[in-house]
Amino acid sequence: MLTITINGCYKLPKVKEQYVDCQDSFFFDLQASRIAISDGATQSFYSGLWADILCRSYCSWPTSLSQQHWCEWLESAQDQWIERVSEKLYQLRTAGKPSWIECLNGLKLKKEAFATFIGLSLDGPYLRGISIGDSRAFLVRVSPLPFNLAEARKKASIERVFPSLWQHSFSSQTTGLSSQHNQIPYLPEFFDIPIPHDSANYRLALMTDALADYTIRMENQGESIMADLLSLKSGQDFKDYINKLRKSGLANDDTTLAIAGFADIGNDPALADLRQESDDICSIAKTQDEPLGVSSDILNETPATLIVPGVQLLLSSSASDSSNNNYQESNTSNLLDSEIGSLSEGDTENINAPAMGAPSGVENLSICDENLVGKYADLSLTESSVDRKISDVTERTSMSTELDISPPISLLRDLINKFKNQ
Amino acid sequence: MYEQQLSTVNPGLILILIDQSSSMAIKYADSSKADFAALAVNRVIGEIIQACTAGEEIKDRCHVGVIGYGSRSELLFIDSASQLATNTEVIDIPKRISDGAGGFIEVSQILRVFVPSVAKGSTDMAGAFRLAYQGIEKFISHFQNSFPPIVINITDGEPDSMEDTKQAVKKLQGLQTSDGSVVIMNAYISETKGLQIQLPESIESFGTNKYAQFLYSISSILPEPILAEAVNAGFDAKHGARGFIFNADPDALVRFLRFGTSVDTALAKRS
């Protein structure tokens, strides 16, 4: 059974602000194979709380979200937010804190919190997602088999970006989800993508806008930072790296990065027992001093690390049939056999390390094809250009390009009528 | 320049000068100019406190001061946002909000009262600007790298001495932080329905009206970042526009105050 694994989740507040001021949030549930990030709008009302509720409620929602059924999730989250803010008001008033007036006025005036959101989940063989706003999720192919180990660690090519870049480039205003009922919402995008056959060679990197914009900009300039991001090992690493980027043009904003991978854990009940609710992991993280990071280091301390790419990794099915890819399943198995002995828990880096003396035919594997990176050199092109690129990548990797990003008109009309009638 | 983010380390300062002379007793909106101006100022201070509120805490990202002037000038207060929030003198005021279905409902909002409604005496505007100089000089000595202080003067009539006021303003405009010089904005409120002029870039807009020309001349040319925010706020502001609104009606005064008191936070959001 395929599941997501968490390679690291980090967040850092703006320069000179405290961790508690950070309005970003992340959450994941390994059992449900869901991960989400959200960016609360700085000047909105209890936006950090809203971002947190969105992430947690998404990960615990009992059904898969779709265009037809996402409103129930949003309304439930909105109810939770109003309830939590009302509790805050009571606490503030009881404690005699002056800000109770701001809280009361905010509730009376129906002030809203606003947040971007990306949620991803595995649903059978599909990666399903919902996104709104300028946070981004990148599907990244990592290189398992180049000949040079040092080079292998640097190779990471972006194959997909969610939501699609061309949509964002046409929008002059950041969209997001409102915490108040009766606010006509921006409509999120939904995507539904078959998971690549060689899923172990992929990572998902979710980022809030500052880091996402910077990543895309660097990609356009041919100075990709994706491999660096994927190789971060701790909250301190993340903090040091982000502070370095902030000196090179990364916007001073709350910054969140969540990295996930895929693993097939089969039906081993022992492994299922060792899963741990992400709540525990997040609570471990919250007891740390800044910088906050739930990283491989932390995961190593909990049983959940056994689900992190490690000895139980199995590449599912055969490789793609693309003309540039002669990868064979048998070669994959040989790779694994030769690798198992050298892999250690939480040692994500070695997953992608090539086996010395790899079987013949593997050389033609189209992994970190530099042409692919070149194809994405300019990620901010028009819709038609990006569509062409997607088609090109599809041809190479046999991935489906079903990207259903436009809600049907009837749904749009229904939503507008629903909010008007409330 | 004019790009420093607000923070507790480098807070902003909004200093409001409010005319409390006897002419402010004249009817304006549904009350008097004094009542309306006091209410408008109390509202924007409340909005500043709200903007500084992060969850349960009120961050001192902004300081606010008010100077009232009649026959004499008086510094009513100058405090950080968190200190202002401890003010226990409150009133309930109604506010109309959207009901989400195309209509409006009225809800009551708690408003802290900082500025009383006063209409008495003459118009010692020069004294007010001199007091402003003292307050801002002290502020800058503590916060040299902050976004430059913004002074907003609300008046309805000629000062006791235009010349003294010009001198006081000139001295005030010499104060600066590392991020730029003090910005001075003026709002002339009038109960008459004369031609309203917002953020003008030319003195010729005022013809032979010496008083309007005077207020125009003591208003700062809006720096480009602030000019951009003025456009965002809906003003038809062009390069060279000054922070001055003439013959402001109640709506225009509120809009001008909101723009002036949120410039620094708006710029911080965009940076």
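Worth a mention:
- Overall dimensions of the stretch B:145-190, expressed as equivalent-ellipsoid semi-axes from the Cα gyration tensor (√(5λ), whole Å, largest first), are 23, 14, 5.
- Options A:Ala95, A:Trp81, A:Gln67, ranked by Cα towards positive dipole end of the stretch A:1-119, top entry (Cβ charges): A:Ala95
- Of A:Lys110/A:Lys239; B:Lys193/B:Lys238; A:Lys88/A:Lys247, pairs whose Cα-Cα distance is over 26 Å: A:Lys110/A:Lys239; A:Lys88/A:Lys247
- Student exercise, chain B dipole from Lys, Arg, Asp, Glu Cβ charges, in Debye to nearest 20: 240 debye
- Packing-based order for B:71-84, B:212-225, A:129-142, B:104-117, using average beta carbon neighbours within 10 Å, highest first: A:129-142, B:212-225, B:71-84, B:104-117
- Amide H contacts of B:Thr123 (H built 1.01 Å from N, under 5 Å, at least 5 apart or other chain): B:Asp160
- Kirkwood estimate for the stretch A:12-119, i.e. one over the average of 1/r between Cα atoms, Å: 14.8 Å
- Three-way shape call for the stretch A:79-135 based on the alpha-carbon gyration tensor, with the a/c threshold at 1.5: prolate
- Each residue was assigned an accessible area with a 1.4 Å probe, and for B:Tyr133 the value is about 40 Å².
- In Hz, Karplus ³J(HN,Hα) per residue of the stretch A:40-51 (6.51, -1.76, 1.60; θ = phi - 60°; x = Gly, Pro): x, 5, 3, 8, 8, 8, 6, 6, x, 4, 4, 4
- The ellipsoid equivalent to the alpha-carbon distribution of the stretch B:189-271 has semi-axes of 23, 15, 9 angstrom, derived from the gyration tensor eigenvalues as √(5λ) and listed largest first.
- Cross-link pairs beyond the 25 Å C-alpha cut-off, checked among A:Lys155/A:Lys244; B:Lys120/B:Lys170; B:Lys33/B:Lys210; A:Lys11/A:Lys233; A:Lys14/B:Lys59; A:Lys111/B:Lys138: B:Lys120/B:Lys170; A:Lys111/B:Lys138
- For B:Ser146, distant residues with modelled amide H under 5 Å away: B:Ser178
- Backbone geometry of the stretch A:12-22 corresponds, through the Karplus equation with coefficients 6.51, -1.76 and 1.60 at θ = phi - 60°, to 3J(HN,Hα) couplings of 9, x, 4, 4, 6, 10, 8, 4, 5, 7, 5 Hz, x marking Gly and Pro.
- For the stretch B:127-271: Kirkwood Rh in Å [reciprocal of mean 1/r, alpha carbons]: 15.6 Å
- Chain B: most fluctuating residue of B:Met162, B:Met185, B:Met125 per GNM, C-alpha cutoff 10 Å: B:Met162
- Solvent-accessible area buried by A and B, counting both chains, probe 1.4 angstrom, square angstrom: 2200 Å²
- Dmax and Rg, reported as Rg then Dmax, of the stretch B:4-86 (C-alpha, Å): 14.6, 43
- Calculated log₁₀ intensity ratio I(q)/I(0) where the Debye formula runs over C-alpha points of the stretch B:90-130, q = 0.14, 0.21 Å⁻¹: -0.60, -0.77
- For the set B:Glu56, A:Glu189, the ranking by accessible area, highest first and with no ligand, DNA or RNA atoms included, is B:Glu56, A:Glu189 under a 1.4 Å probe.
- Fraction of beta bridges assigned by DSSP in the stretch B:119-271 that are antiparallel (%, nearest 5): 35 percent
- Each Cα pair under 8 Å and six or more residues apart adds its sequence gap; the mean of these over the residue count of chain B is a relative contact order of 23 percent.
- The reciprocal of the average 1/r between distinct C-alpha atoms defines the Kirkwood hydrodynamic radius, which for chain B equals 18.7 Å.
- Relative contact order %, the stretch B:138-240, counting alpha carbon pairs below 8 Å whose residues are six or more apart: 28 percent
- If R0 is 25 Å, the Cβ-Cβ spacing of B:Ile91 and B:Asp30 corresponds to a FRET efficiency of close to 0.95.
- Per residue of peptide A:100-112, the mean number of Cβ atoms on other chains within 10 Å of the residue Cβ is 5.
- Counting only protein heavy atoms and using a 1.4 Å probe, the accessible area of A:Thr42 comes to about 60 Å².
- For A:Ser44, solvent-accessible area (1.4 Å; no DNA, RNA or ligand), Å²: 30 Å²
- Take the Cα of A:Thr63, step 7 Å toward its Cβ, do the same at B:Glu163, and the gap between the two points is 8.2 nm.
- Each peptide in A:90-100, B:85-95 gets a packing score, the mean of other Cβ atoms within 10 Å over its residues, and the list from highest to lowest is A:90-100, B:85-95.
- Computed label-point distance, nm, for sites B:Ser178 and A:Glu87 using a 7 Å Cα→Cβ extension: 4.3 nm
The values are calculated or read from the model by the stated rules, or taken from the named source; none is laboratory data. Small disclaimer: the values here were computed from a predicted structure and weren't measured. Virtual Cβ from ideal backbone geometry, glycine too; neighbours counted across all protein chains shown. Accessible surface is based on the protein model in full, side chains and every heavy atom, while ligands, DNA and RNA are left aside. Shrake-Rupley method; radii C 1.70, N 1.55, O 1.52, S 1.80 Å.
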